[in-house]
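Bear in mind that the values in this text are calculations on the coordinates, not laboratory data. Only a predicted model underlies this, so the values are computations on that prediction, with no experimental measurement involved. Here the Cβ positions follow ideal geometry from the backbone for every residue, glycine too, while neighbour counts run over all protein chains shown.
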């Protein structure tokens with residue numbers, strides 16, 4: 001049986017996915033943001049579980065995590081907020097976070113909760129492929145979760161193939177050697193990289209993240225791939241306009 | 001049971017490389033090359049020559065007569081405080097800069113807390129003519145102005161870490177983020193036995209010169225290579241790893257690791273990771289670390305900036321969990337008094353980190369015939385202000 005991510009990816013058209021940090025800007029914004037994103041035509045959402053030491057993130061997502069933690073966000077709190085989410089939200093939902101909070105919650109208990117809620121996948125950037133394969137794959141898969149791995153322009157072809165084999169939904173293509181929210185637009189080196197990976201004919205579609213902030217970068221990123229993920233630019237918008245800014249933001253990326 | 005790292009990069013249950021994919025090529029390049037390069041004849045020669053002629057090794061193993069008399073036991077001090085730049089840190093930075101050169105890197109980054117590792121890194125970068133960027137918490141930059149000035153004189157760029165708690169943990173995060181953004185030309189010189197495999201093992205090997213020297217030095221004066229106890233302070237744990245290294249598999253040598261209790265274990269202002277920590281992931285390594293029940297990393301406290309780290313190297317987590325090492329916690333007050341005591345009894349002003357190791361003699365009994373080696377990891381020049389304020393000198 002296909003889960004929601006696989007279903008969505010098998011449909012025609014490009015994917016627009018949005019990342020936001022749970023508990024930001026306000027502790028109870030999680031579900032209202034999710035609803036608004038779905039209403040405005042976003043195809044998939046990554047819900048960020050805030051962490052005190054987000055190594056792969058630039059200043060914007062770091063600051064949102066710090067605020068979210070100050071607001072009182074915890075793993076248990078997030079699960080509580082999401083308890084009834086599937087009554088109103090039907091697009092694929094991915095939880096994205098760092099491994100330590102998952103480890104403390106208990107990997108099995110965490111996966112069980114995700115399944116009960118209707119979470120479709122996990123992105124845990126600091127859970128490496130080797131560890132996942134060795135210790136965690138069975139428990140993830142037993143709870144209907146797919147783990148999503150990252151690749152970068154420095155990832156070797158051999159390793160991309162290995163990651164493709166371990167993936168069950170899509171490959172998260174990090175656009176450039178950078179932390180989140182850093183790039184100032186895409187050039188030929190980016191398109192060349194998107195094209196190069198696309199030409200590998202991988203089993204899993206690729207979705208690009210890091211550095212996508214407007215229509216231009218979205219279009220470049222999706223020219224050779226299945227979709228793109230916007231994080232920092234969305235958080236910045238939330239910071240300025242709040243939830244009511246979502247319709248305009250989504251339309252500015254992808255006109256109706 | 002082995003206390004050295006295994007092929008997968010683990011010490012027992014601790015270690016590994018929990019890193020985002022962006023760092024995988026860098027760390028993998030190191031993993032594949034560090035043993036090969038560091039065992040090459042030309043590397044060994046350059047490393048040994050620099051340790052001798054530039055760092056000033058071997059450092060003396062000094063019998064502390066008056067201190068021994070006071071505590072009625074036999075105390076030797078391994079004088080790492082006499083290394084160039086004032087602490088053991090330079091043993092590792094020399095090793096890593098030689099490795100970085102052989103890997104063709106032309107830019108070095110480092111994190112620093114008190115500034116000792118930053119100075120040791122800036123020093124070797126000046127020596128080799130390589131660009132150097134040091135990340136340092138904004139709060140530490142204020143607290144450690146002389147070391148910031150030293151790094152600048154040595155030609156390094158000091159970048160304030162303004163995220164999180166603005167101390168060592170955050171400086172380390174910023175250095176890792178820099179490495180993610182500069183994956184091809186940059187080598188990250190981590191200052192302790194922390195971080196993803198192979199860093200803990202690599203740094204321990206560079207620091208292992210300490211116990212290699214202790215062995216032959218002790219043989220000369222005590223007619224045996226093994227002390228009854230080897231004692232070191234542990235923040236991340238690099239001086240301890242170096243002092244224990246060649247004794248790890250010799251159970252007759254008792255290992256004592258001394259952590260900073262700060263204002264007291266139960267005060268909420270402490271850095272005693274073995275007591276207050278739980279297994280978790282910090283800076284790419286599975287180890288003991290201080291965290292909330294929700295898995296958020298908490299801010300430690302110690303009067304000594306060098307012990308002010310919420311984790312501990314995976315080797316030390318394993319020494320603790322397996323019972324191989326005896327872990328003690330020493331408060332700010334006990335450490336400061338021990339520092340003053342060594343100054344008055346032996347004419348040696350120790351770094352406050354080291355003072356923690358020296359403070360065990362007032363807390364624990366030893367036999368008169370016991371031979372105890374304390375790793376005197378650094379000198380106290382950098383801490384004069386703290387000593388002055390604490391004792392109203």
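Note on region B:153-207 and region A:96-139: Cα centroid distance 27 Å, given to the nearest whole angstrom.
Diffusion coefficient (Stokes-Einstein, Kirkwood radius over C-alpha pairs, 4 °C, 1.567 mPa s) for region A:1-67: 97 µm²/s, rounded to a whole number.
Using a Gaussian network model of chain B with C-alpha springs under 10 Å, which one of B:124, B:221, B:253 is most mobile by mean-square fluctuation? Highest fluctuation among the options: B:221. Pairs of alpha carbons in region A:199-256 separated by more than 18 Å make up 38% of all such pairs. Its Cα gyration tensor gives region A:71-133 an equivalent ellipsoid; the semi-axes, largest first and in whole Å, are 21, 14, 10.
Here B:179, B:216 are placed in order of increasing Cβ neighbour count within 10 Å, fewest first, which gives B:216, B:179. The modelled label-to-label distance for the pair residue B:46/residue B:298, using points 7 Å beyond Cα in the direction of Cβ, is 4.5 nm.
Here A:216, A:131 are placed in order of increasing Cβ neighbour count within 10 Å, fewest first, which gives A:216, A:131. Of the Cα atoms belonging to region A:36-184, the radius of gyration and Dmax stand at 15.5, 43 Å. With kT/(6 pi eta Rh) evaluated at 25 °C and eta = 0.890 mPa s, and Rh the Kirkwood radius from Cα pairs, region A:132-234 diffuses with a coefficient of 173 µm²/s according to Stokes-Einstein. Here the sum of -39500 (n - 2.57) over DSSP H runs of 4 or more residues, divided by the residues of chain B, equals -12000 deg cm²/dmol at 222 nm, to the nearest 500. In the protein assembly as shown, the DSSP beta bridges split such that about 20 percent are antiparallel, to the nearest 5. Rounded to 0.05, the FRET efficiency of the residue B:384 and residue B:4 pair, given R0 = 30 Å and the Cβ-Cβ distance, is 0.20. For chain B, the share of alpha carbon pairs falling in successive 10 Å distance bins from zero is 5, 25, 37, 25, 7, 0 percent.
May I ask for the Kirkwood hydrodynamic radius of region B:232-311, worked out over all distinct Cα pairs and given in angstroms to one decimal?
Across region B:232-311, the inverse of the average 1/r is 13.2 Å.
Counting Cα-Cα pairs of region B:89-150 in 10 Å increments starting at 0 gives whole-percent bin shares of 24, 53, 21, 2. Normalised by residue count, region B:273-325 yields a Cα convex hull volume of 83 Å³ per residue. All C-alpha pair distances within the protein assembly as shown, sorted into 10 Å bins from zero, spread as 3, 16, 26, 24, 16, 10, 4, 1, 0 percent across the bins.
Averaging 1/r across all pairs of distinct Cα atoms in chain A and inverting the result yields a Kirkwood radius of 18.1 Å. Can you classify region B:304-371 as rounded, prolate or oblate using the Cα gyration tensor, where a ≥ b ≥ c are the square roots of its eigenvalues, rounded means a/c under 1.5, and otherwise it's prolate if a/b beats b/c and oblate if not? Oblate, since a/c reaches 1.5 and b/c is not below a/b. Modelled spin-label separation between residue A:192 and residue B:138, with each label point placed 7 Å from Cα along the Cα-to-Cβ direction: 3.9 nm.
Shown for region B:243-359 is the translational diffusion coefficient from the Stokes-Einstein equation, using the Kirkwood radius over Cα pairs, a temperature of 20 °C and a viscosity of 1.002 mPa s: 145 µm²/s. Mean per-residue shielding of peptide A:151-162 is 3, counting Cβ atoms of other chains within 10 Å of each Cβ.
Partner shielding of B:277-284 amounts to 4, given as the average count of beta-carbon atoms from other chains within 10 Å of each residue beta-carbon.
Each label was represented as a point 7 Å from its Cα along the Cα-to-Cβ direction; for residue B:127 and residue B:13 these points are 4.0 nm apart.
The antiparallel fraction among DSSP beta bridges confined to chain B stands at about 30%. Over region A:10-114, the ratio between the Cα radius of gyration and 2.2 N^0.38 Å evaluates to 1.06.
The alpha carbon convex hull volume per residue for region B:195-278 rounds to 111 Å³.
Peptide B:22-29 has a mean of 5 when you count, residue by residue, the C-beta atoms of other protein chains within 10 Å of its C-beta.
Annotation: average projected area of region B:134-193 is 4.4 square nanometres, based on the convex hull of Cα atoms across all directions. In chain A, the DSSP-assigned H stretches of four residues or longer account for a calculated mean residue ellipticity at 222 nm of -12000 deg cm²/dmol, using -39500 (n - 2.57) per stretch and the full residue count as denominator. Taking one quarter of the surface of the C-alpha convex hull of region B:35-150 gives a mean projected area of 9.4 nm².
Put in line by how crowded their Cβ is, counting other Cβ atoms within 10 Å and starting with the fewest, A:146, A:188 read A:188, A:146.
Once you keep just the Cα pairs under 8 angstrom separated by 6 or more residues, what percentage relative contact order results for chain B?
Reported relative contact order: 20 percent.
Using the beta-carbon distance between residue B:145 and residue B:391 and R0 = 30 Å, what value does 1/(1 + (r/R0)^6) give for FRET efficiency, to the nearest 0.05?
About 0.90, to the nearest 0.05.
Centre-to-centre separation between the Cα atoms of region A:242-256 and those of region B:307-333: 51 Å. For the pair residue A:28 and residue A:201, a Förster radius of 30 Å applied to the C-beta separation gives a FRET efficiency near 0.10, rounded to the nearest 0.05.
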